[in-house]
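Read the figures in this text as sums done on the coordinates, not as results from a lab. Note that the coordinates shown come from a computational prediction; the quantities given were computed from them, not determined experimentally. Here Cβ is always computed from backbone atoms with ideal geometry, including for glycine, and neighbour counts include all displayed protein chains.
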């Protein structure tokens, strides 16, 4: 699946995965850091779409690094 095909499909979702794919395509880094809560939300809201995004990222040589804990740094 090309980036453009994936982005076209993501236009129909109710997640922010389109922005995530766009950001991933702009970096040469081999990894992407995301909050674990975001990954869990994507898996729950759009499991089929998240699987496509994850597969596309792997095909691009990107690894997803999930951060655990609270976003605000609190306990």
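Quick one: grab the alpha carbon gyration tensor of the chain, order the square roots of its eigenvalues as a ≥ b ≥ c, and give me rounded if a/c is under 1.5, else prolate or oblate depending on whether a/b is larger than b/c. Oblate.
Dividing the mean sequence gap of close Cα pairs (under 8 Å, 6+ apart) by how many residues the chain holds gives a relative contact order of 39 percent. Relative to a virtual label point 7 Å from the Cα of residue 3 in the Cα→beta-carbon direction, which members of the range 32-49 show backbone nitrogen distances below 18 Å? Inside the label zone: 32-33. Go ahead and run the numbers for FRET between residue 34 and residue 11, Cβ-Cβ distance against an R0 of 22 Å, rounding to 0.05. Calculated value: 0.60. For the pair residue 25 and residue 45 in one chain, pulling the backbone fully straight at 0.36 nm per residue adds 4.9 nm over the alpha carbon distance.
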